[in-house]
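Structure, as structure tokens:
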């Protein structure tokens, strides 16, 4: 798998002005978790997603959520995590489509050159652990344990493009 994103894709953060993807990738890769706040599947994985992104805090990777909703809906869904993490809003799912996602939640690693060497869709601990291991190897960081007690059992994701 090696998907290439478009560098001019506009990403709208919760706080700030939209900028092209290439500007978000000037210094760091992106460790992105994509969630649809209107589905049970994304709600079930939120605590796990937060734990995984926290593990990479301080690493040379920009951890973030892409939420398929408006800024207000994203804030409501994420609660205090909306202030803790970089959050992009993609209500039209234009970026989600570029990521090649067909199911949400999704865990996507986007390299500085805009390529996506690895991703996981739906929730499968082994697949998400593989993405985390790839990121940890790329940035010389410790890999989060996946799964841990309290993580949900494997489930298929909801449709990414509706």
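Annotations for the structure displayed:
- Here the Gaussian network model covers the chain, with springs between Cα atoms less than 10 Å apart; of 103, 41, 83, 83 fluctuates the most.
- Between region 128-162 and region 36-109, the alpha-carbon centres lie 13 Å apart.
- Cut-off 13 Å, label 7 Å out along Cα→Cβ of residue 148, residues of region 44-72 by amide N: 47-57
- Shape category assigned to region 88-153 from the gyration tensor of Cα positions, a/c cut at 1.5: oblate
- Region 12-65 shape via C-alpha gyration tensor axes, a/c threshold 1.5: oblate
- Ordering 146, 110, 3 from the fewest to the most neighbouring beta carbons within 10 Å gives 3, 146, 110.
- Extension gain, residue 92 back to residue 44 (0.36 nm per residue minus Cα-Cα distance, nm): 15.0 nm
- Percent antiparallel among DSSP beta bridges (both partners in region 1-70, rounded to 5): 20 percent
- By the count of neighbouring beta-carbon atoms within 10 Å, fewest first, 129, 140, 6 end up ordered 140, 6, 129.
- Remark: 145, 119, 130 ranked as 145, 130, 119, counting other beta-carbon atoms within 10 Å and listing the fewest first.
- Taking every C-alpha pair closer than 8 Å and separated by at least 6 residues, the mean separation divided by the residue count of the chain gives a relative contact order of 29 percent.
- Cα gyration tensor category, rounded, prolate or oblate, for the chain with a/c compared to 1.5: rounded
Bear in mind that the values in this text are calculations on the coordinates, not laboratory data. Predicted model, so just to flag it, every value in this text is computed and none were measured. Cβ sites come from the backbone with ideal geometry, for glycine too, and all protein chains shown count toward neighbours.
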